[in-house]
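The values are calculated or read from the model by the stated rules, or taken from the named source; none is laboratory data. Because the structure is a prediction, the values reported are computed rather than measured. Using ideal geometry, Cβ is built from the backbone for each residue, glycine included, and neighbour counts are taken over all protein chains shown.
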Amino acid sequence: MSKKFQSNSNLLIKVINDLSDFMPYLVIVGGWVPYIYAKYIWKNVPNMAVTTGDIDFGVGAQDFKGKDTVSSRVQKLGYGERHVSMDRPFPFVPIVKDAAGDVKAEVEFITDPKISKDAVNKIMGTAIKINEIKYFGLLLNSVITVKMENKDIRMPTEAMFTFHKMLTFIDRQNMEKLRKDLYYVYYMLRFSPGRAQLADDVVELIKKLKEGKKVKQNLDQYFNKVDAKGPLYVKDENGPDTYIDDVRQDAFEKFSDIRRRAES
């Protein structure tokens, strides 16, 4: 594990500790999810999947009754701030730093456009920028609770995290993030100890949910052949591999298996 990676994982733990009062109402999402599965649930997998420094949380319509808010808490703790507009102090994106101030990461909060802003503001306050992402409610409504460094945290189930990435990767404006999303899906399909069941569950979601039609279209576009964009992006993000000679072929087979079975 690289020194930078260790520093970033320490920042994640710091944020979880700093916001421990709010953890029952937040859902960890994004690139840290495969890492948490690998280290705290699956264990003994041959590598880690984190290629991100940002720390992302989902915010739903929880019945939060606390007097403090996430906004006021991070300000009290002296988090840095990236202001969305240069001429106004709000909204801002919190920035967590290590004790020396040498390592830092943005802490982003995401909700679904359909969720009441009043419900989100109850827990978040109004100072922090809240990103709205279509289909995000799927992640918020399919979560498990995990013990991480003696703290209970919530994050999406394996199947819903995988399904949601397959659904939304194509909407990424940033090509680097699009490639990472596909890599995270590949990582889940490859390293989950219950990968056969995971594939079954993803196929079931594709068939059951109305959003499954878009997932099938995305897979048809990116994984219709071994030299399509999808397998190439996964290979590039994965890099040299000790265990598999042809990552591109392996990615194609894993995605195509789901694509084929979803059609039947």
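Overview of results
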quantity	calculated
Unmet criterion (only one of (1) aliphatic (A, V, I, L, M); (2) closer than 24 Å to Asp102 by Cα; (3) at pLDDT below 90) for Ile55	(3)
Of all residues in the stretch 209-238 being charged (D, E, K, R) and in contact with a Lys or Arg (Cβ under 9 Å, 6 or more places away or on another chain), the one that is surrounded by the fewest Cβ atoms within 10 Å (Cβ to Cβ)	Asp227
Options Phe64, Phe109; residue that is of a type in the set (A, V, I, L, M, F, W, C) and outside any loop (DSSP other than H, G, I, E, B)	Phe109
Verdict on Tyr186 being part of a helix (DSSP H, G or I), within 18 Å of the chain's Cα centre (by Cα), surrounded by 13 or more Cβ atoms within 10 Å (Cβ to Cβ) and touching a residue at least 60 places away in the same chain (Cβ under 8 Å)	yes
Which numbered condition Tyr135 misses (of (1) in contact (Cβ under 8 Å) with a residue 60 or more places away in the chain; (2) of a type outside the set (Asp, Glu); (3) buried (at least 18 other Cβ atoms within 10 Å of the Cβ))	(3)
Any hit, the stretch 219-227, residues being outside any helix (DSSP H, G or I), modelled with pLDDT of 95 or more and touching a helix residue (DSSP H, G or I) at 6+ places or on another chain (Cβ under 6 Å)	yes
Residue match in the stretch 96-106 (condition: small (Gly, Ala, Ser), surrounded by fewer than 19 Cβ atoms within 10 Å (Cβ to Cβ), within 18 Å of Met23 (Cα to Cα) and assigned by TED's automatic domain parsing to the domain that holds Ser9)	no
